[in-house]
Each structure stands twice: as C-alpha cells, then as structure tokens.
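Below you'll find the structure, written out as structure tokens, and then a few comments.
Values in this text are rule-based calculations from the coordinates and carry no lab data. Only a predicted model underlies this, so the values are computations on that prediction, with no experimental measurement involved. Cβ: placed from backbone, ideal geometry, glycine included. Neighbour counts: every protein chain shown.
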Amino acid sequence: MKITALKTVVVNAEMRNWVFVKVETDQAGLYGWGEASLEWKTRAVVGAVEDFAPMVVGEDPTRIEHLYQKLYRQSFWRMGVIGMSAISAIEQACWDITGKWLGVPVYKLLGGAVRDRVRMYTHLGGGDMKSVYETFDPEPLIDLARQVVERGYTAVKVVFVPYSEPLMGADTVKRFAALMERLRLSLGSGIDIMIDFHGRTYPAMAIAYINAIEEYRPYFCEEPVPPENVDALAQVRAAVRVPIATGERLVTRHGFREVFEKGACHVIQPDLCHCGGLLEGKKIAAMAEAYMMGVAPHNPLGPVANAVALHFALSTPNFLIQEDMLTDVPWRWEVVEHALETKDGHWLPVERPGLGIEVNEKAAARHPFRQEVIHATTIRAADGAVLDW
C-alpha cells in the first residue's frame, strides 16, 4: 500500500476554520482523515501540508513512526506549531487508514482501552467568542454555566481572568474572586470548575488571582503565564495550592521536557492536532506519567479532532478529562459523520474501524474558508499597550 496524495478541506466554523487533511492511497476506497485546525494560520497550515506532500507520496501509510521521523527530522528546520499541525493531521490520517485496513478502531492499536468512558468538559456559550473569552459579569457567567451542567456535563471551563498588566490593583483581584465565589455557590461543590488564564498574567498577578480563589477549589488553573518562560510557570506552581495545567501551545515531547524536569505543573494539556499527532501525544503522556502528572488534552477544534481525542483518552492511563466544543455550529455533524456517543458528560467507546468518522466533502463545501475575526488585536491596556488575550 502506498500514499498517492494529500488533500486539504477547509471548513469555516464561525470562530475558526477547520482544516481537515485527507491522505489517499492506491487501495480503492481506502483513505484517512486528520485535522490540522490552527486559528488565524489556516492558509499557512494548508501550505505546510502541500509542502509535505512530496515527502510522503509513495510511502506506506502504516509505517507511522517512520513517516513522523521523516517529516520531522528530514525537514531539517525544526517545526513550530504551523508545521507540527500539518504533521499531526497527516499522522492522524495514517492511523485512520491503518485502523480501517486492519478492521479495528484506532484505540486498540494504541494499547487498547484502559477505561470504559471518557469524561468531558466544555466552555461557556458554545461558539460565541465573547461568551467563551469575555464572561466578566456574574449573571451571564452563571446562566451560561448552568446551561452547560443541564446538558449533562460535570465540569465546566471559564475564562474570566482580567486582561492584565504585569501588576494590577486590589480591586481587580477582588472582582475576580467575587466572580468565582458566585459561580461556585451557584453550581455547588459537585461540579468541577476549570479556570483558563489564557496566558493573560505574569507570575505576580497569577499568584495573587489564584490565592484569592483557593477556597473555591478550582479543578485546575490553566496556563497562568505565557508559555515562553518555564521558570515563571514553576514560580507560580510553587506559590499556590491549586493544581496548575499547561501545554496547549507546546509541541513535541521536546517542548514539554523542561516543564517535566522543573515540575512546573500538575496537569499537561497537549493538543493532538498541534503536538505531533497521536503517537507523539502518547509519548508526551508517558513522560508525564513518569513525573506523576495527569493529562487533560486541549481541544476546542473540529469534529475530526474530537474523534482523535477519544481514541487517545481511551488508551492513556494518566488521562484526566477531555475538552470539547460540540455546540460551536449547529451543522457540525453534517460535515463530519460519526459514531461518537455521549452520555452523562462522557464519551463512550466507538467500535468502527479507524477513527470512526467520515468527512462529507459536499457538506463541507457549503462552508468555505472565510477570514476569522482577529479577536486578539482588540485587547489593550488602559494606555493602549497590547496585552495577552
């Protein structure tokens, strides 16, 4: 069996463009799908997939480790998130092909199931960007969180950390803590609450914010500082008693190495559409297991990514909980047909061969590429300086 072509299918899903990658083979009707969605870098990722095509056409798609090594190492220039997103999707598609060829679901090729179901959490407001990233008022915050719980979830992620300068005043910390207090009292102690800092703070403010909400027991605080400085993250982790998570903006096991060695978090969050794919994600998780860290993969992306995440979670011992964004657009499952089943805030195992999904290319064509809103350029300090969003 040989790879004959790589094809990209771009679908505009309002808040982001999904980038699906199809790996075709010389076996009639045998092909695989992966996902390389990367906000605001759609054209670059599509170009990277095209650049990789000459390196994989003619290769055996079941030699997955070999293909990864070839794409990663023989590119010479080490890949950042754009190149690694392209590699991730190609790698995922090869797992899909291999599972279909052998007639088994991918998780059985990754060691088999270590759990019977996969716990999920989601964001507020589905695909509405302001609801996800800017819920700074208590009434809509509580209302949207209750809607999530009513849909069966037992955990919810909120993003109400203020856009912050390196130091902020006492009133800002008090308002933040008051929001968490209202949310905890509304949802009760039986619902886990994750707070995504979105890299908006430097260490002093991250520590102040987290210590102010410790009594309300967040499940974890995510990416409290930007990813460039692992020592800054370790400083936060050492100064607070709330679990710390990070990793969505790191790629490959090499990008995670320093985080592990410095004990800079409790939970890692690789994104399987960016970090290098399923096998690289498994290697990252194995390293985390050696350092007694849990894994809560990042995934606010499209439906192919959902399927990939399910197979990873089913087969990974130190997995904790899986992010999803299933209500971003109402036609999500028209574009990607699937066998995924949810119950009581969990995904259940699938038994279809491969990833268990199929992209409907005709339906996808009804939602062509469109430039996303570049939300981040609007985030400024009072004096007009650019802040992390």
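Label point of Trp40 set 7 angstrom out along Cα-Cβ; within segment 286-326, amide nitrogens under 18 Å from it belong to 300-301. What is the angle, in °, between the Cα long axis of helix 42-56 and the longest principal axis of the Cα atoms in the chain? Nearest 10 is fine, range 0 to 90. Between the helix axis and the principal axis of the chain, the angle is about 40 degrees. Could you give the angle, 0 to 90 degrees to the nearest 10, between helix 81-102's Cα long axis and the longest principal axis of the Cα atoms of the chain? On a 0 to 90 degree scale, this one is about 50. Straight-line reach from Lys2: taking Cα to Cα under 25 Å and skipping same-chain neighbours fewer than 8 places apart, the lysines in range are Lys22, Lys70, Lys100, Lys108.
Give me the dipole magnitude in Debye, nearest 20, for segment 3-104 about the Cα centre, with unit charges on the beta carbon: positive for Lys and Arg, negative for Asp and Glu.
Values: 10 positive and 12 negative charges, 43 e Å.
With Lys and Arg at +1 and Asp and Glu at -1, about 200 debye.
Specify the inter-centroid distance of segment 304-341 and segment 157-234, based on alpha-carbon positions, in whole Å. Measuring centre to centre over Cα atoms gives 27 Å. For the pair Ala290 and Arg217 in one chain, pulling the backbone fully straight at 0.36 nm per residue adds 23.7 nm over the alpha carbon distance. Each Cα pair under 8 Å and six or more residues apart adds its sequence gap; the mean of these over the residue count of segment 27-89 is a relative contact order of 52 percent. A simple spin-label model places the labels of Thr154 and Trp389 3.5 nm from each other, with each point 7 Å out along Cα-to-Cβ. Only aspartates and glutamates eight or more places from Lys157 in sequence, or on another chain, were considered; those with a Cα closer than 12 Å are Asp192, Asp196, Glu222, Glu323, Asp324. Compared with the dominant principal axis of the Cα atoms in the chain, helix 170-187 is inclined by about 70°.
Full extension from Ala238 to Glu361: what is 0.36 nm times the residue separation minus their Cα-Cα distance, to one decimal in nm? Don't skip to the answer; put the middle values down first.
On the way: separation 123, 0.36 × 123 = 44.28 nm, distance 4.91 nm.
In short, 39.4 nm is gained.
Test of understanding: given the chain, find the longest segment containing no GluC sites (Glu not before Pro) that are in a DSSP loop and have at most 12 other Cβ atoms within 10 Å. Here the longest run is 1-227.
Place a +1 charge on the Cβ of each Lys and Arg in the chain and a -1 charge on the Cβ of each Asp and Glu, then give the dipole magnitude about the Cα centre in debye, rounded to the nearest 20.
On the way: 40 positive and 49 negative charges, 104 e Å.
Computed about the Cα centre, the dipole is about 500 debye.
Over the chain, Cα pairs under 8 Å with separation of 6+ residues give a relative contact order of 21 percent.
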